[in-house]
Structure formats: C-alpha cells, structure tokens
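The values are calculated or read from the model by the stated rules, or taken from the named source; none is laboratory data. In this text the structure is predicted, and so the values were computed from the model without any measurement. Here Cβ is always computed from backbone atoms with ideal geometry, including for glycine, and neighbour counts include all displayed protein chains.
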Amino acid sequence: MAYEKSKGGVWTRRQALKGAGALGMGMALTGLAAPSLRAQEKRPIRFLNCETGKDTLAFFARMAQDYQDKAGIEVIVDSVPLDEAFTKITNGIRSGAPYDVANVGFIGQVLLLAEQDLIVPLNELTDDFRWGNNILFPIDGKVYWYPFDYNLALIYYRKDLYEEKGLAVPDTWDAFAGNCEALVEGRRKGCLFPIGSNGAANWMSFAFLWAEGVKLFDDQWNIVFDNEEMKPKAAAYLDFMARLYPTMPPGALQAGYSDVLSNLVAGTVTHGAYAGRVYEAAARDNPDMGQRLGIMPYMDSAGKQKAVSHGYDGWVVLKTENTGNAMEFMRWLTTDRMVDFLHSAPVHFQPARLDIYDDQRWRDNELVRTFSDEIDHMRKLVTDESVILTSIDTQGPAPDVRPGKIFESFVLPEMLQNKILRQMDSAEAVAMAAAKMREVIS
C-alpha cells in the first residue's frame with residue numbers, strides 16, 4: 001500500500017469500503033462466468049498499472065512489446081495514479097470490459113474482490129518462493145495477490161550530524177526526542193512527522209505506537225485502544241509527540257508525502273519518515289545528501305521493541321474469459337522480468353520476495369550497489385520476527401475492511417491534533433479516538 005502515491009491517501013480506501021455493492025452490481029451486469037484457466041485464444045491482456053514513475057512506465061512499454069514478440073499476445077497497459085485504480089477496476093467489471101491484471105495497494109480491496117469471486121488465487125505463482133513477513137495475507141490458505149514490493153515507512157536521520165554532535169542512534173522515545181532537540185539549528189529543524197488528516201500522517205506518524213505494543217483490536221474485533229493496557233501507552237505516545245512538535249518546521253498540520261521527502265533531501269530536517277524513494281531522490285537531486293542519511297526503525301519508550309509502518313503493492317488476476325492467458329503472462333512477468341521491473345525504482349521497490357535480495361542480476365544495479373548497506377538493513381526489518389510490521393489498516397486478527405475504515409476516517413491524526421493543537425488532556429484524547437473508532441466500524 002504505497003501511500004505516498006496518492007495525494008490524500010483517502011479516495012482509494014473510501015472507494016474500497018463502499019465498493020462491495022458496486023462489485024456485486026458489476027457481476028450482475030456483466031454476467032461473468034468462471035473461465036477455463038488454460039488453452040484460451042490469444043486475445044489481448046488488459047493490464048492496469050499504478051506505478052507511474054518515468055522509468056517504470058518505460059519498463060511497461062518495453063515489456064508489452066517483448067511479450068507480444070514472445071507469445072504473440074498484445075498487452076494493453078493502462079497507467080493511472082493509485083487513487084484512481086479501484087474505480088477503474090470496478091468500472092471495467094460493470095461495463096463488461098474488465099481488466100485481466102490490476103495493480104492494487106490496499107489489502108481491503110483484495111479482500112472485497114476475493115469475497116465477490118472476481119479474482120483468482122495465485123498460489124501457483126507464490127508458493128515456490130520465500131516471502132518477507134506479513135505480506136501475502138492469505139485467505140483460507142489461498143493467496144489472492146502477488147505482492148511485488150514493500151513500502152515501509154522508516155525513520156531517516158542525518159548520520160553526519162550524529163557524528164558531529166556525538167549522538168547515538170536512539171532506542172527510546174526520550175533519546176529520540178533529545179536528538180531532535182539537539183539538532184535544531186537556525187532554519188534546520190529536528191524532525192517532521194505529519195499531523196494532518198491525511199494519508200501521510202496515517203503512514204508516517206504512528207509506528208511509535210506499534211513499537212509500544214499498542215493495538216486497535218483484540219482477536220474478536222473489539223476496540224481495545226482505550227482499555228487498561230492500551231490507554232496509558234497511547235497517552236504516553238501523545239505526550240512524546242507533543243514534545244517533538246516544537247522541533248518541527250511550520251506547517252506540520254498541512255505536511256504531506258512530498259513535504260517530508262523534499263525536506264529530507266534538502267537537509268532542512270534531520271529526521272523524517274519515508275520509504276526507499278528518499279535515496280533515489282537524493283541520488284538524483286542532492287547526491288551528497290544520500291550518503292549523509294541513515295535509516296532506523298521506530299522505537300518504543302523503554303528501548304525494548306522496534307517497529308516499522310507497513311506499506312505494500314501488488315497485482316491481482318481477475319476472473320475473466322482471458323484468465324488463462326493472464327496467468328501465463330503473470331508467470332513470465334514475475335520470473336523473466338521481475339528484476340527488470342524492480343530496477344525501474346531500485347531502492348523504492350523493496351522486494352517482497354526474499355530470493356531477489358540474493359539475485360546477482362538485481363544486485364548489479366548502480367543504486368542497489370550504492371545503498372547496499374541500507375537495503376540490507378531494510379531486508380532485516382522484514383525478516384526479523386522481533387520487529388513489529390503493521391499499520392492502521394493491517395491491524396486486527398485477519399485481513400478485514402474494518403481497519404481500513406479507521407484509516408479512512410483519520411481518527412488517529414485527529415487524536416494528534418486534539419493533543420498538539422488543542423492541548424487536550426492525553427487520556428481524554430485517547431478516549432475520544434476510541435469512541436470514534438467504535439462509531440466508524442459499527
């Protein structure tokens with residue numbers, strides 16, 4: 001769920017949560033039947049892509065031509081921003097011209113499509129590989145999507161300034177806040193973590209909670225955010241964020257993905273959260289800064305636990321009259337051309353498949369070589385069972401739309417605003433957030 005690709009991070013999730021009825025209508029209108037999965041005529045494959053970077057678009061143009069040359073089947077690639085994708089999928093179903101393969105960035109969408117019997121299991125493509133933690137999201141043992149990358153929110157920090165000031169990489173909230181305070185100098189600020197009602201805040205600002213052991217749901221989908229165990233932890237988090245806020249630049253309420261990215265690359269903040277794209281942007285726009293930036297996971301208050309904020313992207317294969325051809329195409333794309341695809345954003349597309357990290361073809365890339373230590377660190381974060389890997393919309397005992405409803409309603413950013421901007425008592429802000437969570441999932 002590569003949140004940084006959608007400006008507000010809102011629309012896709014709202015559409016997903018309202019999408020079940022639309023999907024059902026689509027089935028009624030199109031009358032799609034379960035297809036034979038093999039031995040179909042060579043009709044074009046319709047592919048919906050949401051990775052719109054220049055190099056990735058160039059990859060898909062080459063890929064389509066190569067597959068037509070190889071298999072004699074045309075691949076028609078439509079590229080749209082991620083926040084338009086689910087509407088394109090549902091509109092295609094309703095119109096009787098469904099996509100055969102589609103890019104999705106929210107596990108709730110996969111769940112809705114699977115429940116409506118509109119996508120096919122991909123175990124034959126996924127079972128032969130080892131994967132990082134918490135990425136396949138199986139439903140009754142069936143894997144309904146092919147995750148191609150992680151988009152983890154990690155904390156970037158200025159290695160050079162840490163050395164200059166004699167600072168250690170922090171293991172506790174207190175140490176982290178102290179480092180942010182120590183590195184404020186003139187126009188240079190200590191950190192930037194968005195607090196506005198937007199997708200950037202949802203993705204970048206709450207993994208401190210996960211490191212602290214905070215959960216939104218119990219195993220029966222009851223909200224436990226304000227119970228005796230969670231409430232003091234969440235309140236302490238708010239006190240911590242209130243301490244960080246004075247070290248942030250003006251405009252943290254309006255800050256989005258691009259603001260954090262640009263401030264990190266420019267060196268105007270010394271800490272901020274993002275995925276691997278920071279290193280790619282630095283290599284392009286400010287090469288010296290790329291070597292000055294290190295990464296670390298989020299930490300808890302006591303120095304006992306680490307976490308990262310989950311993010312991911314993947315492909316689904318829709319159940320159409322062309323599913324057989326689509327599956328053969330996907331087998332080719334995810335084997336013969338997977339490395340080439342990942343190289344179109346070589347640090348940002350952090351592989352979800354573990355064998356890729358040891359593939360010399362993938363390693364033989366200038367940016368992968370340049371940032372090999374950082375990439376190895378990112379790999380450890382998705383293979384170390386002690387690191388908590390979660391996000392607002394992957395909370396709960398199983399994949400479900402209820403965490404997505406909390407994500408879309410911006411309950412947690414509003415809690416931050418109540419504490420930081422309105423000076424609300426921390427325990428009161430937690431209780432208010434929990435009450436709203438119960439309301440939005442009811």
Task: Meets criteria (in the same structural domain as residue 110 (by TED's automatic domain parsing), farther than 30 Å from residue 239 by Cα, of a type in the set (A, V, I, L, M) and in a helix (DSSP H, G or I)) for residue 375 - done: no
Matching residues in the stretch 105-137 (farther than 26 Å from residue 392 by Cβ and out of contact with any strand residue (DSSP E or B) (no Cβ under 9 Å at 6 or more places or on another chain)) number 4
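Within the stretch 178-213, how many residues are in a helix (DSSP H, G or I) and surrounded by fewer than 22 Cβ atoms within 10 Å (Cβ to Cβ)? Reasoning before the result, please.
To start, the set of residues in the stretch 178-213 that are in a helix (DSSP H, G or I) comprises 178-182, 199-204, 207-211.
Still in the list and also surrounded by fewer than 22 Cβ atoms within 10 Å (Cβ to Cβ): 178, 181-182.
The number of residues fulfilling the criteria is 3.
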Heads up, the strands (runs of 3 or more DSSP E) in the stretch 72-165 (entirely inside) with at least 2 residues that are farther than 30 Å from residue 373 by Cα are 75-79, 101-104
Scanning the stretch 377-412 for residues that are acidic (Asp, Glu), surrounded by fewer than 19 Cβ atoms within 10 Å (Cβ to Cβ) and either more than 21 Å from the chain's Cα centre (by Cα) or farther than 14 Å from residue 152 by Cβ (or both) gives 385, 400
Restricting attention to the stretch 272-288, the residues that are within 15 Å of residue 308 (Cβ to Cβ) and not in a helix (DSSP H, G or I) number exactly 5
Scanning the stretch 391-426 residue by residue, the ones that are part of a loop (DSSP other than H, G, I, E, B), at pLDDT below 95 and under 15 Å from residue 209 (Cβ atoms) total 0
- Task: Would you check if residue 127 is modelled with pLDDT under 95 and in the same structural domain as residue 321 (by TED's automatic domain parsing)?
- Result: no
Just a yes or no: is a residue in the stretch 144-160 of a type outside the set (Lys, Arg) and over 27 Å from the mean Cα position of the chain (by Cα)? yes
Only one of 270, 247 is buried (at least 20 other Cβ atoms within 10 Å of the Cβ), more than 17 Å from residue 422 (Cβ to Cβ), hydroxyl-bearing (Ser, Thr, Tyr) and in contact with a Leu (Cβ under 6 Å, 6 or more places away or on another chain), namely 270
Considering the stretch 316-365, residues that are free of Cβ contacts under 8 Å to residues at least 12 places away in the same chain and part of a helix (DSSP H, G or I), and then whichever is surrounded by the fewest Cβ atoms within 10 Å (Cβ to Cβ), we arrive at 360
The residue from 245, 146, 162 that alone is modelled with pLDDT of 95 or more, closer than 30 Å to residue 340 by Cα and not hydrophobic (A, V, I, L, M, F, W, C) is 146
Kindly establish whether residue 313 is modelled with pLDDT of 95 or more, among the charged types (D, E, K, R), crowded, with 20+ Cβ neighbours inside 10 Å and not in a loop (DSSP other than H, G, I, E, B). yes
Over the stretch 40-61, the set of residues touching a residue at least 12 places away in the same chain (Cβ under 8 Å) and part of a helix (DSSP H, G or I) is 55, 56, 57, 58, 59, 60, 61
Over the stretch 182-217, the set of residues touching a residue at least 24 places away in the same chain (Cβ under 8 Å) and more than 22 Å from residue 234 (Cα to Cα) is 183, 184, 187, 188, 189, 190
